[in-house]
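One structure below.
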């Protein structure tokens, strides 16, 4: 049983995940940020690897990707920074990014390297499901990596059940089909969407992302899923002075 499975088995609700972009606001801070977040009580982390055309991301994460690339962040640099990951961090770690840098690096090589440094899973929003199944799933499986699929309000029931069958950890439930950074708005339609997912009784737990920025949105998301993911709000927070010292305050404000 991997770290993600152990987490979801041992903790049944109010799971908090935080996303941040590797190389932002500066290089060689990935493990420092991760360690501070773990100490502050975050349950698992998503570390983004930057890409020059992050189409699903809003202005905040786009800016962080641009700055990280300017700082010299790439997959070689990221894996170098993560080589001591498991000496310092015990919670599950996911890498999140776009498929193009992975293909350039070599997906088999990427999976091997991720497993070698202690990564538990990968989220690739623009990796088509059929490509994953036909070409890449073996590399994930061989290296014990979970591939996390995304579901939106427009995803059909057939596709959701297909995703559930291919998943071995959790399903990333987008709060909307918009870009990251939009505030969570629980309209009647969105509430119906959450209820529809819950009524499907999927074998894998769901975690809600996109638009989670404070205690109110975190608490609301946790009514419908096992937990929620904070992304843009934390990336924006990293612009503050002495951000490492202030991470416990940020996490406390989300959890209250």
Over segment 15-46, the set of residues assigned to a loop (DSSP other than H, G, I, E, B), within 25 Å of residue 75 (Cβ to Cβ) and in contact with a strand residue (DSSP E or B) (Cβ under 7 Å, 6 or more places away or on another chain) is 22, 42
Of (1) in a loop (DSSP other than H, G, I, E, B); (2) modelled with pLDDT of 95 or more; (3) more than 17 Å from the chain's Cα centre (by Cα); (4) surrounded by fewer than 23 Cβ atoms within 10 Å (Cβ to Cβ), residue 12 satisfies every one except (2)
*Kindly check whether there is at least one residue in segment 5-14 that is touching a helix residue (DSSP H, G or I) at 6+ places or on another chain (Cβ under 8 Å) and touching a residue at least 40 places away in the same chain (Cβ under 8 Å).*
yes
Restricting segment 159-195 to residues that are modelled with pLDDT under 80 and loosely packed, with under 14 Cβ neighbours inside 10 Å, the one nearest to residue 148 (Cα to Cα) turns out to be 177
message: Residues that are surrounded by fewer than 18 Cβ atoms within 10 Å (Cβ to Cβ) and free of Cβ contacts under 8 Å to residues at least 24 places away in the same chain: does segment 39-62 have at least one?
response: yes
Selection from segment 66-95 of residues over 13 Å from residue 29 (Cα atoms) and in contact with a strand residue (DSSP E or B) (Cβ under 6 Å, 6 or more places away or on another chain) yields 91, 92, 93, 94, 95
By residue number, the members of segment 42-78 that are over 26 Å from residue 152 (Cβ atoms) and in contact with a helix residue (DSSP H, G or I) (Cβ under 6 Å, 6 or more places away or on another chain) are 75
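Residues checked against (1) crowded, with 22+ Cβ neighbours inside 10 Å; (2) in contact (Cβ under 8 Å) with a residue 60 or more places away in the chain; (3) under 27 Å from residue 246 (Cα atoms); (4) within 18 Å of the chain's Cα centre (by Cα):
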{"site": "27", "(1), (2), (3), (4)": "no, no, yes, no"}
{"site": "31", "(1), (2), (3), (4)": "no, no, yes, yes"}
{"site": "65", "(1), (2), (3), (4)": "yes, no, yes, yes"}
{"site": "71", "(1), (2), (3), (4)": "no, no, yes, no"}
{"site": "118", "(1), (2), (3), (4)": "no, no, yes, yes"}
{"site": "134", "(1), (2), (3), (4)": "no, no, no, no"}
Listed by range, helices (runs of 4 or more DSSP H) wholly within segment 48-146 having at least 2 residues that are within 20 Å of residue 20 (Cβ to Cβ) and modelled with pLDDT of 95 or more are 59-71, 75-81, 85-88, 99-105, 107-117
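Please determine, by comparing only the residues of segment 73-92 that are surrounded by fewer than 17 Cβ atoms within 10 Å (Cβ to Cβ) and within 15 Å of residue 32 (Cα to Cα), which one is nearest to the chain's Cα centre (by Cα).
Taking the candidates together, the pick is 90.
The values are calculated or read from the model by the stated rules, or taken from the named source; none is laboratory data. Just so it is clear, the model here is predicted, and its values are computed rather than measured. Quick reminder, even Gly has a Cβ in these numbers, built from the backbone with ideal geometry, and neighbours come from all protein chains shown.
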